[in-house]
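Heads up, the thing below is written out as structure tokens.
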Amino acid sequence: MSRRTATSTAKSVNPGHQQDHDSAAKAWAVFHWSGSAIVIDASYNISSITRTAAGIYTVNFTTAFATANYCCQVNTEIAGNTADGVFPIVPFSAGLRAAGSCQVRFLNQAMSAAVDPGAAHAVFYGRQ
């Protein structure tokens with residue numbers, strides 16, 4: 001995939017190259033833990049998702065980013081009307097966000113333990 005600077009204001013974007021622009025999502029996934037396996041409900045540019053332990057997942061990209069300097073947005077779904085929240089985070093540690101993968105974690109409302117959310121959404125933006 002070629003790198004684009006997105007500086008021209010005179011050219012239109014053809015649908016085959018819209019994903020080359022920095023503002024386009026380069027990868028995304030909706031997934032959940034079924035109790036024995038990860039289920040990827042829908043995704044784009046995701047080769048796999050692995051679960052290290054409760055609430056700790058690594059999202060692997062089919063096409064890697066150019067560097068580890070990309071944006072990751074994560075949110076969660078919870079089932080029913082419950083007071084228990086789940087807080088998504090992207091750890092800021094060497095190796096946990098790499099060009100080819102990104103670890104995402106989910107903590108309970110008290111921030112004291114990693115927990116599996118009902119479902120998770122992750123979207124990634126940056127240069128590939």
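Bear in mind these aren't lab numbers, they're just calculated from the coordinates by the rules spelled out. Note that the structure is a prediction, hence the values are computed from the model and not measured. Backbone-built Cβ (ideal geometry, glycine too); neighbour counts: all protein chains shown.
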Theoretical FRET efficiency, 1/(1+(r/R0)^6), r = Cβ-Cβ of I78 and R127, R0 41 Å, to 0.05: 0.75
11 Å beta-carbon shell around G55, net charge (K/R +1, D/E -1): +1
Residue-count net charge about A119 - beta-carbon cut-off 11 Å; Lys, Arg +1, Asp, Glu -1: -3
Under 12 Å, Cβ to Cβ, from C72 - net charge with Lys/Arg +1 and Asp/Glu -1: +3
